[in-house]
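Just below is one structure, and these are the notes that go with it.
Each reported figure results from applying straightforward, stated rules to the coordinates on display, with no laboratory input. This one's a predicted model, so the numbers in the text were calculated from it and none came from an experiment.
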Amino acid sequence: MGFNLILTFQNVIPVELISFTAFPQNNSVNLNWQTATETNNQGFAIERKQVFSQQSSAGNEEWNAIGFVNGNGTTTESQSYSFVDKNISSGIYKYRLKQIDYDGTFDYSNEIEVEITPSEFALEQNYPNPFNPSTSIQYTIGSKQFVQLKVYDVLGNEIATLVNEEKPAGSYVVEFNVAQDSRPAIASGIYFYKLQAGRFVETKKMILIK
């Protein structure tokens, strides 16, 4: 949906932003905007903040500059711009443009909101590995699923259940700590962790060294 946002300065021709849109694609966000006229326009700083994270149910409320796109100085012709924000983790983000003149004056566009959800399922290698006494396991689910993440010894005996509940699509990090008081002591050696989410099943190896 288009809109008119006039960034007013003490010039005859202001920078007139007529559209600003964002389209999520996998783990990236494609930003596109268009101006009707420009005066003394050095360019646009792209700013982002995360308002919701799948991992922590919270975000970072601070705006961060993630890129800059040069403007076209002074022109009465319509100009189109684009920027791709790559490798974004799952969550909800807001974007805005900071239009900057050559004399240092600036103004902001409206804010637009985008939700990033993963399209694939994955189980990452734990880190650190080898470990003692704790390690982190990251996994990603591409749709809402009942998720089980369990740890087994080399004989197939279940050592621990780390996740056993329904989860929305997103990326998650779980800590496995062998020093927890509620967990039976286990010896140094090779262990396996298995993720099952719907039809997705994957197992990886990890090593405990005490």
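Structural remarks
- Gain on full stretching of the segment that runs from residue 110 to residue 32 - 0.36 nm per residue minus C-alpha separation: 26.8 nm
- Kirkwood Rh in Å, taken over the stretch 122-208 so that all alpha-carbon pairs contribute: 13.2
- Taking amide H atoms as placed 1.01 Å from N in the peptide plane, the amide H of residue 67 lies under 5 Å from those of 46, each 5 or more residues away in sequence or on another chain.
- Amide H partners (placed H, <5 Å) of residue 102, local residues excluded: 42
- Working from Cα pairs under 8 Å separated by at least six residues, relative contact order for the chain is 16 percent.
- Among (i) 53; (ii) 37; (iii) 49, the entry that matches percent of Cα pairs over 25 Å apart as calculated here: (i)
- 3J(HN,Hα) from dihedral phi, the stretch 37-48, Karplus parametrisation 6.51/-1.76/1.60, rounded to Hz, x for glycine, proline: 9, 9, 9, 6, 8, 6, x, 10, 8, 8, 10, 9
- Sequentially through the stretch 81-91, phi angles give Karplus couplings (6.51, -1.76, 1.60; θ = phi - 60°) of 9, 8, 7, 10, 8, 9, 6, 9, 6, 4, x Hz, Gly and Pro residues having no value and appearing as x.
- Working note: Karplus 6.51/-1.76/1.60 with θ = phi - 60° gives the stretch 195-210 the couplings 10, 10, 9, x, 8, 7, 9, 8, 10, 10, 9, 9, 10, 9, 10, 9 Hz, where Gly and Pro are set to x.
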